[in-house]
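The block underneath contains the structure these notes are about, expressed in structure tokens.
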Amino acid sequence: MNGAGCPPCTLRFPACRPSKIVVNGPATIPRIPARPHLNSMPRILLIDDDLRLTGMVAEYLGSAGLDVTSSPTLAAGRQRLEHDSFDALVLDLMLPDGDGLDLCRELRAAPRTRALPLLMLTARGEPMDRVVGLELGADDYLAKPFEPRELLARIKALLRRARAAADDAPDNVQRFGRLEIDLDRREARLDGKPCDLTAYQFDLLRVLAAAAGRVLSRDQIMDALKGHPLEAFDRSIDVHISRIRAAIEDDPKVPRRILTVRGAGYVFARKQDGEPEA
């Protein structure tokens, strides 16, 4: 950077304009000021401990129509990824509490983040570092110092590829009103937010949804779940059903999605949340 009296920076901006980062929430998680219409902007998570750099990157990318959230550590980044959703991740390799390659490995092993576009950003210049990062699942790699326009161009390219892949991929999501059952991610979502279900409970929900509109007895349900260790008695199904209802029903005491048919079993409602009949 060429601003008079300014310390060296890994970004190459035409003028030195340090950006103020507003802390919103825990002090360890800095955030840029809120902008209008963020819901329509692609959301980018930037994990880098250089607060001056992340402030300028957030300002520059924000002016280009991207909503940037910054996290200075792996721990803060993991927290963001666990409780929020993003369209792309820009990840520094050298962080104070660990190596970004470890997080990359974790993200690619988790169904929820396996397809998250990921760009590695680092001061490491060795070609082998780039090779290892790409082999672990990074989609792109940019070395510091870098031109901000190049970072923006690479992020936009990642977003375009992700959108194209999503358009080409078969939709393996079952939708029942506000409830979505994502078979690939093994995740149920209500109003777009993940529901807290165990693997057994997700499979139980999947079995019921696959037979939507039909009554399934406890024996039929347990037979469909042969891949799981069977419980000691069929009444355990009732316990799991109650826990699923707690996760997906607006009022678990007055269920509208999983209905009890006395003396017969359970039925998963085919139409939910006021959906019109076909």
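Filter the range 105-133 for residues that are within 18 Å of R154 (Cα to Cα) and at pLDDT 90 or above and give the result. Answer for the range 105-133, where residues must be within 18 Å of R154 (Cα to Cα) and at pLDDT 90 or above: L116, P117, L118, L119, M120. In this structure, is R154 part of a helix (DSSP H, G or I), charged (D, E, K, R), in contact with a strand residue (DSSP E or B) (Cβ under 7 Å, 6 or more places away or on another chain) and closer than 22 Å to R43 by Cα? When the stated conditions are applied, R154 passes them. Here D102 meets the list (1) under 30 Å from A199 (Cα atoms); (2) in contact (Cβ under 8 Å) with a residue 40 or more places away in the chain; (3) open to solvent by 10 Å² or more (accessible area, probe 1.4 Å) almost entirely, failing just condition (2).
Of all residues in the range 172-187, those satisfying the criterion of being open to solvent by 50 Å² or more (accessible area, probe 1.4 Å) and not in a strand (DSSP E or B) are N172, R178, L183, D184, R185, R186. Within the span defined as the range 190-212, every residue fails to be open to solvent by 60 Å² or more (accessible area, probe 1.4 Å), within 30 Å of A64 (Cβ to Cβ) and among the aliphatic types (A, V, I, L, M).
Applying the set (1) within 19 Å of D49 (Cβ to Cβ); (2) more than 18 Å from the chain's Cα centre (by Cα) to M120 leaves exactly one unmet item: (2). If you check R108, R114 for being assigned to a helix (DSSP H, G or I) and among the basic types (K, R), only one passes: R108.
Looking only at residues of the range 60-95 that are of a type in the set (S, T, N, Q) and open to solvent by 10 Å² or more (accessible area, probe 1.4 Å), we find that the one that is modelled with the lowest pLDDT is S85. Has the range 123-132 got at least one residue that is open to solvent by less than 30 Å² (accessible area, probe 1.4 Å), touching a strand residue (DSSP E or B) at 6+ places or on another chain (Cβ under 8 Å) and hydrophobic (A, V, I, L, M, F, W, C)? Scanning the range 123-132 turns up no residue that is open to solvent by less than 30 Å² (accessible area, probe 1.4 Å), touching a strand residue (DSSP E or B) at 6+ places or on another chain (Cβ under 8 Å) and hydrophobic (A, V, I, L, M, F, W, C).
Screening L46 against (1) assigned to a helix (DSSP H, G or I); (2) open to solvent by less than 10 Å² (accessible area, probe 1.4 Å); (3) of a type outside the set (F, W, Y) leaves a single unmet condition, (1).
The values are calculated or read from the model by the stated rules, or taken from the named source; none is laboratory data. These numbers were taken from a predicted model, which means no experiment stands behind them. Ideal geometry is used to build each Cβ from the backbone, glycine not excepted, and the neighbour counts take in all protein chains shown. Surface accessibility is based on the protein's heavy atoms, side chains included, excluding ligands, DNA and RNA. Shrake-Rupley method; radii C 1.70, N 1.55, O 1.52, S 1.80 Å.
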